[in-house]
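The block underneath contains the structure these notes are about, expressed in structure tokens.
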Amino acid sequence: MTRNELIKLLEHLGIHHSSYSFDKIKNSECISVLKQKTEWCVYYTERDKPELIFSSKEESDAYEFVADEFKRWAS
């Protein structure tokens with residue numbers, strides 16, 4: 001999955017853009033995807049405290065993880 005494919009999916013699911021971010025850790029109640037050294041990391045920030053919830057060497061795996069999380073939360 002590419003970043004653009006993920007964004008389109010999240011829009012289709014009705015996920016507000018403030019609920020996710022790319023390339024930096026953002027506000028509370030947000031999932032963020034960013035590259036750190038050789039890993040693609042996914043953080044969930046709650047009460048302004050980011051927690052690493054997934055990492056992979058593959059960018060597409062990180063986006064798939066985020067898609068699956070939002071699908072799970074939306075159901």
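Just so you know, all these numbers are worked out from the coordinates, no wet-lab data involved. Just so we're clear, the structure is a prediction, and the values are computed from it rather than from any experiment. Glycine also receives a Cβ, built like all others from the backbone with ideal geometry; neighbour counts cover every protein chain displayed.
Side notes on the structure shown:
- Top-ranked residue of segment 23-54 - restricted to ones that are buried (at least 17 other Cβ atoms within 10 Å of the Cβ) and polar (S, T, N, Q), ranked as nearest to Lys71 (Cα to Cα): Ser32
- Scanning segment 3-22 for residues that are under 11 Å from Ala67 (Cβ atoms) and part of a loop (DSSP other than H, G, I, E, B) yields a single hit, Ile15.
- Filtered residue count, segment 55-70, keeping only those that are surrounded by fewer than 13 Cβ atoms within 10 Å (Cβ to Cβ) and closer than 21 Å to His16 by Cα: 1
- Residue match in segment 62-74 (condition: more than 12 Å from the chain's Cα centre (by Cα) and aliphatic (A, V, I, L, M)): yes
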